[in-house]
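Input: a single structure, listed below in structure tokens.
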């Protein structure tokens, strides 16, 4: 009778438990792999978005400063961050010229970061509603900075130098997330086309 019971085909409870444990280990390994693949994909998308934002901001600043006629380095509102190679480094730049929306040149404008660490242009001494005042506005809309304002601009710097009769404006900034993790940085030089000494 015992021999007959043992010969029946089927799984014992121990074999079923081992099978279930192996299946759960395999499922956990797959879940970890899928989670890490999604995280990697998200990081690659963010790096690409940061590069696009860097290129866009670089292009905006370059177009603006190529049209400027001079920089108001004596203006008390210019924020001096320090010196490099005997030239002052500024946290913002106040300049004459630069393009307006209608393609004309501004009398005076400023590029800086606002309180949300976004690029801001300020038109200086604009007549609005019968008053002369400064008119600040964000150069890009909120969606340009990623989902829920993920990206911020940090360490925006301008250095104006003159060598051999050619004036250049060196610009640098970093693109970071809310935890100050750097995604990319930009360093470039602009040579104004309409430059003249004031």
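The values are calculated or read from the model by the stated rules, or taken from the named source; none is laboratory data. Being a predicted model, the structure only gives us computed values, none of them experimental. Cβ placement follows ideal geometry from the backbone for every residue including glycine, while neighbour counts extend to all protein chains displayed.
Flag: residue 71 matches the condition of being at pLDDT 85 or above and either on the phi < 0 side of the Ramachandran plot or surrounded by 10 or more Cβ atoms within 10 Å (Cβ to Cβ) (or both). Of everything in region 104-114 that's within 20 Å of residue 195 (Cα to Cα) and either free of Cβ contacts under 8 Å to residues at least 24 places away in the same chain or out of contact with any helix residue (DSSP H, G or I) (no Cβ under 8 Å at 6 or more places or on another chain) (or both), which residue is surrounded by the fewest Cβ atoms within 10 Å (Cβ to Cβ)? It comes out as 104. Kindly establish whether residue 64 is at pLDDT 85 or above, closer than 18 Å to residue 122 by Cα, in contact with a strand residue (DSSP E or B) (Cβ under 7 Å, 6 or more places away or on another chain) and part of a helix (DSSP H, G or I). Yes; evaluated as a whole, the condition is true for this residue. Taking the conditions (1) at pLDDT 85 or above; (2) within 26 Å of the chain's Cα centre (by Cα); (3) more than 21 Å from residue 187 (Cβ to Cβ) in turn, residue 99 satisfies each one other than (1).
Screening residue 78 against (1) at pLDDT 85 or above; (2) at positive phi; (3) assigned to a loop (DSSP other than H, G, I, E, B) leaves a single unmet condition, (2). Applying the selection to region 115-145, what residues are within 16 Å of residue 173 (Cβ to Cβ) and in contact with a helix residue (DSSP H, G or I) (Cβ under 8 Å, 6 or more places away or on another chain)? Scanning region 115-145 gives 116, 118, 119, 121, 139, 140, 144, 145. Checking the stated criteria, residue 170 turns out not to satisfy the condition of being free of Cβ contacts under 8 Å to residues at least 12 places away in the same chain and under 21 Å from residue 87 (Cβ atoms). Taking region 115-131 as the range and being at pLDDT 90 or above and surrounded by 14 or more Cβ atoms within 10 Å (Cβ to Cβ) as the test, the residues that pass are 117, 118, 119, 120, 121.
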